[in-house]
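Some notes on the structure that comes next.
The values are calculated or read from the model by the stated rules, or taken from the named source; none is laboratory data. Treat the numbers as computed from the prediction; the structure is a model and nothing was measured. Don't worry about glycine lacking a Cβ; one is built from the backbone with ideal geometry, like all the others, and counts go over all protein chains shown. Protein only, heavy atoms only, side chains kept; ligands, DNA and RNA dropped before computing areas. Shrake-Rupley method; radii C 1.70, N 1.55, O 1.52, S 1.80 Å.
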Amino acid sequence: MAARLNYLELPVTDTARAKAFYGAAFGWAFSDFGPTYAATTTGDTDVGFQADDSEKSAAALPVIGVDDLDAALAAIEAAGGRITMAPFAFPGGRRFHFADPDDHELAVMQPG
């Protein structure tokens, strides 16, 4: 798969409230992944809500899907990106976070 934006994680204060709003506004359905995380699971560009203060990003977090997480990490570092969260496993694969030269935080994930 070519690298492409495939996920958007939004920091929220209340996962249930976010699910209710987006469900009513757009008809989206969500799967719960614990008490503070829920996401659409359409397989297209999905949206996740993170309400855990210790894990949520400061702003919306675009997630780029790749085939090789380690190669993407090396390429980002070589291009001048700054790793803000080391690679970790999550339900659905592995990912890491980085900041671009303008200090925008993004994530890269490899399904698996």
> If a residue has to be within 19 Å of Tyr7 (Cα to Cα) and open to solvent by 60 Å² or more (accessible area, probe 1.4 Å) to count, how many in the stretch 91-102 make the cut?
Replying inline: 2
> Given (1) open to solvent by 40 Å² or more (accessible area, probe 1.4 Å); (2) at pLDDT below 95, where does Asp70 come up short, assuming only one miss?
Replying inline: (2)
> Of (1) without any contact (Cβ under 8 Å) to a residue 24 or more places away in the chain; (2) open to solvent by less than 60 Å² (accessible area, probe 1.4 Å); (3) touching a His at 6+ places or on another chain (Cβ under 8 Å), Thr40 satisfies all except one. Which?
Replying inline: (3)
> open to solvent by less than 50 Å² (accessible area, probe 1.4 Å) and in contact with a strand residue (DSSP E or B) (Cβ under 8 Å, 6 or more places away or on another chain): does that describe Pro87?
Replying inline: no
> If Leu5 passes every condition in (1) surrounded by 13 or more Cβ atoms within 10 Å (Cβ to Cβ); (2) in contact with a Pro (Cβ under 8 Å, 6 or more places away or on another chain) but one, which one does it miss?
Replying inline: (1)
> How many residues are free of Cβ contacts under 8 Å to residues at least 40 places away in the same chain and within 25 Å of Phe49 (Cβ to Cβ) when one looks only at the stretch 63-101?
Replying inline: 16
> What number of residues in the stretch 55-112 are of a type outside the set (A, V, I, L, M), part of a strand (DSSP E or B) and either within 15 Å of the chain's Cα centre (by Cα) or under 21 Å from Phe33 (Cβ atoms) (or both)?
Replying inline: 15
> Can we say Phe49 is in contact with a Gly (Cβ under 9 Å, 6 or more places away or on another chain), under 17 Å from Leu8 (Cα atoms) and surrounded by 12 or more Cβ atoms within 10 Å (Cβ to Cβ)?
Replying inline: no
> Between a first residue in the stretch 1-13 that is touching a residue at least 12 places away in the same chain (Cβ under 8 Å) and a second residue that is basic (Lys, Arg) and assigned to a loop (DSSP other than H, G, I, E, B), which pairs have beta carbons less than 7 Å apart while being 6 or more apart in sequence or on different chains?
Replying inline: Pro11/Lys56
